[in-house]
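Novice: Please see the structure below; I have some questions.
The values are calculated or read from the model by the stated rules, or taken from the named source; none is laboratory data. Here the structure is a predicted model, which means the values were calculated and not measured. Glycine also receives a Cβ, built like all others from the backbone with ideal geometry; neighbour counts cover every protein chain displayed. Please note that ligands, DNA and RNA were not included when accessible areas were found on the heavy atoms of the full protein model with its side chains. Shrake-Rupley method; radii C 1.70, N 1.55, O 1.52, S 1.80 Å.
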Amino acid sequence: MRFVTACGTRRLTLIAVASAALGFASLAQAAKTELLVYSALEADQIKAYKVGFEKAHPEIELKFVRDSTGIITARLLAEKANPQADVIWGVAATSLMLLDKQGMLAPYAPRNLTKVRSTMRDPAATPTWVGMDLWSSAVCFNTVEAQKRKLPAIASWADLTRPEFKGSITMPHPASSGTGYLMVAAWLQMMGEDKGWAYMDALHQNIGVYTHSGSKPCRQAGAGEFPVGLSFEYRANKTKKDGAPIDIVFPKEGLGWDVEATAIMKTSKKQEAAKVLADWAVTPDANKLYAANFAILALPEAQEKHEFIPADLEKRLAKNDFGWAAANRDRILTEWARRYESKAEKK
């Protein structure tokens, strides 16, 4: 006759409980909806945004494909016949307008849409993209290197064409980087096309390299690799806060800018989960996370002051016709490459 001791019974009970717990955990994990998110958000921002969303919605898990704006845009267009992404989160509005023109985005009005700035959303009654925050051009100027090389102070875009800066400037490639493209689009709009291209011809003489990242020029300036890096205000503010010997210059003629935005892919088979993310992306909680990085938000009430960004940044922005910038993107990039591709860094 077989029998089990009290100790053995307890061990078997514990094993059964543990097995059941593992089984329930596996079922819970299996029940999660996984969303594939294509993004141009900075790598050091994604973690906080992902944690914030998944804490609010533990039933959904986000997987990210992240790259620079131009590269993500090109990838989405290349995948048009067989789209992979469910949601686009943190990509330039001008890029999303291109995708919308191709019929790739699903119209959806997030629950908090009425609180979003009218200038930071698709104007259609049921928008295909809704903004998160705004980012603008900025110049990172290494004061230590400038002193060594006897470089003059910078106050304007025009100053960057002075002969003293020959080989001293790095800038994002506009086909790869949304930051690069918003600068080019702003110069052409502010100056007019003839003067804008003439300006870029002169600037090109002083460029050391065109990078494939909007952040990299500021990092290069911060490290002293180049005295001057054309970048954007988030990266400039963070680089200076981290101790780099840079001044942040906001050229007086006006700043190029674009809006980071969210959109749902029309082909996603997970529309309900995608709408949950689109809803959360315009909540006060989400905007509080964006506020750690950007000075101008889709929900103005969530904005915070940033140590090295002027309080009147919004007034310094150049007039920007998003429709024009999106519609003329291919033409502008083709002409830009014809003139300046020789100084692009290797991919």
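Novice: Please determine whether any residue of segment 220-229 is touching a residue at least 12 places away in the same chain (Cβ under 8 Å), among the aromatic types (Phe, Trp, Tyr), open to solvent by 10 Å² or more (accessible area, probe 1.4 Å) and out of contact with any Leu (no Cβ under 9 Å at 6 or more places or on another chain).
Specialist: Within segment 220-229, one or more residues are touching a residue at least 12 places away in the same chain (Cβ under 8 Å), among the aromatic types (Phe, Trp, Tyr), open to solvent by 10 Å² or more (accessible area, probe 1.4 Å) and out of contact with any Leu (no Cβ under 9 Å at 6 or more places or on another chain).
Novice: Checking residue 288 against (1) of a type in the set (Lys, Arg); (2) surrounded by 21 or more Cβ atoms within 10 Å (Cβ to Cβ); (3) under 21 Å from residue 56 (Cα atoms), which single condition isn't satisfied?
Specialist: Of everything listed in (1) of a type in the set (Lys, Arg); (2) surrounded by 21 or more Cβ atoms within 10 Å (Cβ to Cβ); (3) under 21 Å from residue 56 (Cα atoms), residue 288 misses just condition (2).
Novice: Then there's this: Taking the conditions exactly as written (closer than 17 Å to residue 117 by Cβ and open to solvent by 10 Å² or more (accessible area, probe 1.4 Å)), does residue 260 satisfy them or not?
Specialist: So residue 260 fits the description; yes.
Novice: What pairs come up if the first residue lies in segment 203-217 and is closer than 13 Å to residue 227 by Cα, the second is among the aromatic types (Phe, Trp, Tyr) and assigned to a loop (DSSP other than H, G, I, E, B), and their beta carbons are under 6 Å apart, counting only those six or more places apart or on different chains?
Specialist: 208/226
Novice: Please identify the pairs in which a residue from segment 301-326 that is polar (S, T, N, Q) has its Cβ atom under 9 Å from the Cβ atom of a residue that is open to solvent by 30 Å² or more (accessible area, probe 1.4 Å) and assigned to a helix (DSSP H, G or I), counting only partners at least 6 apart or on another chain.
Specialist: 320/189
Novice: So if I check each of 272, 304, which one is part of a helix (DSSP H, G or I), open to solvent by 20 Å² or more (accessible area, probe 1.4 Å) and at negative phi?
Specialist: 272
Novice: Just one of 291, 286, 311, 337 is modelled with pLDDT of 95 or more, within 24 Å of residue 250 (Cα to Cα) and out of contact with any Pro (no Cβ under 8 Å at 6 or more places or on another chain); which is it?
Specialist: One residue alone meets the criteria, 291.
Novice: Is it the case that some residue within segment 33-55 is modelled with pLDDT under 95 and open to solvent by 60 Å² or more (accessible area, probe 1.4 Å)?
Specialist: So far as segment 33-55 goes, yes, one or more of its residues are modelled with pLDDT under 95 and open to solvent by 60 Å² or more (accessible area, probe 1.4 Å).
Novice: Output yes when any residue across segment 195-203 is in a helix (DSSP H, G or I), surrounded by fewer than 19 Cβ atoms within 10 Å (Cβ to Cβ) and in contact with a Lys or Arg (Cβ under 8 Å, 6 or more places away or on another chain), and no when none is.
Specialist: yes
Novice: Follow-up. Within segment 131-149, identify whether any single residue is free of Cβ contacts under 8 Å to residues at least 40 places away in the same chain and over 19 Å from residue 320 (Cβ atoms), and answer yes or no.
Specialist: Yes, some residue in segment 131-149 is free of Cβ contacts under 8 Å to residues at least 40 places away in the same chain and over 19 Å from residue 320 (Cβ atoms).
Novice: Quick check on segment 150-171: of everything there that is open to solvent by less than 10 Å² (accessible area, probe 1.4 Å) and in contact (Cβ under 8 Å) with a residue 60 or more places away in the chain, which residue is nearest to the chain's Cα centre (by Cα)?
Specialist: Per the stated criteria, the residue is 170.
Novice: Also: Can you tell me which of 244, 186 is of a type in the set (Gly, Ala, Ser) and outside any loop (DSSP other than H, G, I, E, B)?
Specialist: The unique qualifying residue is 186.
Novice: What residue, among those in segment 322-347 that are in contact with a strand residue (DSSP E or B) (Cβ under 9 Å, 6 or more places away or on another chain) and outside any helix (DSSP H, G or I), is surrounded by the fewest Cβ atoms within 10 Å (Cβ to Cβ)?
Specialist: 345
Novice: Go through (1) in contact with a helix residue (DSSP H, G or I) (Cβ under 6 Å, 6 or more places away or on another chain); (2) closer than 20 Å to residue 41 by Cα for residue 247 and report which single condition fails.
Specialist: (2)
Novice: Give the residues of segment 99-132 that are open to solvent by 30 Å² or more (accessible area, probe 1.4 Å) and assigned to a helix (DSSP H, G or I), sorted by residue number.
Specialist: Of everything in segment 99-132, those that are open to solvent by 30 Å² or more (accessible area, probe 1.4 Å) and assigned to a helix (DSSP H, G or I) turn out to be 100, 101, 114, 115, 118, 119.
Novice: Still on this structure: Please give the number of the condition residue 216 fails out of (1) closer than 22 Å to residue 335 by Cβ; (2) crowded, with 21+ Cβ neighbours inside 10 Å.
Specialist: For residue 216, the failing item is (1).
Novice: So, in segment 210-227, how many residues would count as being of a type outside the set (S, T, N, Q) and in contact with a helix residue (DSSP H, G or I) (Cβ under 6 Å, 6 or more places away or on another chain)?
Specialist: Qualifying residue count, segment 210-227: 7.
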